[in-house]
1. Skipping prolines and chain starts, which residues have an amide H placed within reach, meaning under 5 Å, of the one on Ser220, given they are 5 or more residues away or on another chain?
2. In what sequence, highest mean first, do 31-39, 198-206 appear when ranked by Cβ atoms within 10 angstrom?
3. Between Phe91 and residues 5 or more places away or on another chain, which pairs have amide H atoms under 5 Å apart, with H built 1.01 Å from N, and which residues are they?
4. Can you tell me how much longer the chain between Lys121 and Asp244 gets when fully stretched, taken as 0.36 nm per residue apart minus their C-alpha distance, in nm with one decimal?
5. Fewest first, what order do Arg102, Arg186 take by the number of other Cβ atoms within 10 Å?
6. Could you tell me which label, among (1) 17.7; (2) 20.4; (3) 19.3, carries the value of Kirkwood radius over Cα pairs in Å calculated for this structure?
7. Quick check on packing: order 18-26, 78-86 by the mean number of other C-beta atoms within 10 Å, highest mean leading.
8. Can you give the helix-only mean residue ellipticity at 222 nm for the chain, where every DSSP H stretch with n ≥ 4 adds -39500 (n - 2.57) and the sum goes over all residues, rounded to the nearest 500 deg cm²/dmol?
Amino acid sequence: MKVIEVIDLKRVYNSKIGIFNKKSVATEALKGISFSVEKGEVFGLLGPNGAGKTTTIKILTTMLLPTSGKVTILGNDISKATNKIRPRINFIFGGERSLYWRLSAYENLRYFSDLYKIDIKTQRKVIPELLELVGLSEKAHHKVETFSKGMKQRLQIARGLINKPEILFLDEPTIGLDPTSAIELRKIIKNLVSKGTTILITTHYMQEAEELCDRVSIISDGQILAIGETSNLIKENGKKTLEDLYLKVVGDGYEG
């Protein structure tokens, strides 16, 4: 079952350059990409900076409208049914955004629960469960400003699960994390998938993508250059690792 379907998606940013005689400049961030994501899979969107990954994520999470093309999330047209989509998805960006540092971990989750209009009785059950899932039960009432980067990112995962999303979007979730914290975060992601959550992830770390993703799409300059089941894509192109394939596709060009 396709829970995400993207058909000929384009996004153009219009801007002006110059001081006195300003000129309008159109920049194509996405040049007509198409792909789909099946229920319960981990789909990786890979590419260099400026490739169009974050623009794609913003469109899929209803934060940005497409210039043209069609996008459906859980059977709903993204341009017409954002109110039906938003309660059923969530997203997590890399780094330390989307948290209130002067609040405790528990208070952060309670705040975001209120935004999703989750009743108090449910909050009292769900919040401790999420804190246990991400290994922060003992730090529940500690202020986030005292947390390490890895702890903050684990709390972000809990925040992203507060509404029990059917699809979770992860944009560079392990960026800036030390190796131990990154490993812990990948374990949490695998646990979520085992429980039926569909995940779309962007990452610069090819080993991470190879470990986590059922299928990957490699994007560069707003265009998809390769897409398919991760292991098959590597073998079909005569490579040993996803990193080797990525370097071929993005670094050396691709004719497959």
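1. Leu225
2. Details: 31-39: 16.6, 198-206: 21.6.
The packing order, highest mean first, is 198-206, 31-39.
3. Amide H to amide H, under 5 Å and 5 or more residues apart or across chains, Phe91 pairs with Phe169.
4. Working: separation 123, 0.36 × 123 = 44.28 nm, distance 5.03 nm.
Difference between extended and current length: 39.2 nm.
5. Details: Arg102 9, Arg186 16.
In order of increasing Cβ crowding within 10 Å: Arg102, Arg186.
6. (3)
7. On the way: 18-26: 7.9, 78-86: 15.1.
The peptides rank, most packed first, as 78-86, 18-26.
8. Values: 9 runs with 84 residues, N = 256.
For the chain, the value works out to -9500 deg cm²/dmol.
Readers should treat all values here as calculations from the given coordinates under stated rules, not as data from a laboratory. Keep in mind the model is a prediction, meaning the values are calculated, not measured. Counting neighbours? That spans all protein chains shown, and the Cβs are built from the backbone with ideal geometry, glycine included.
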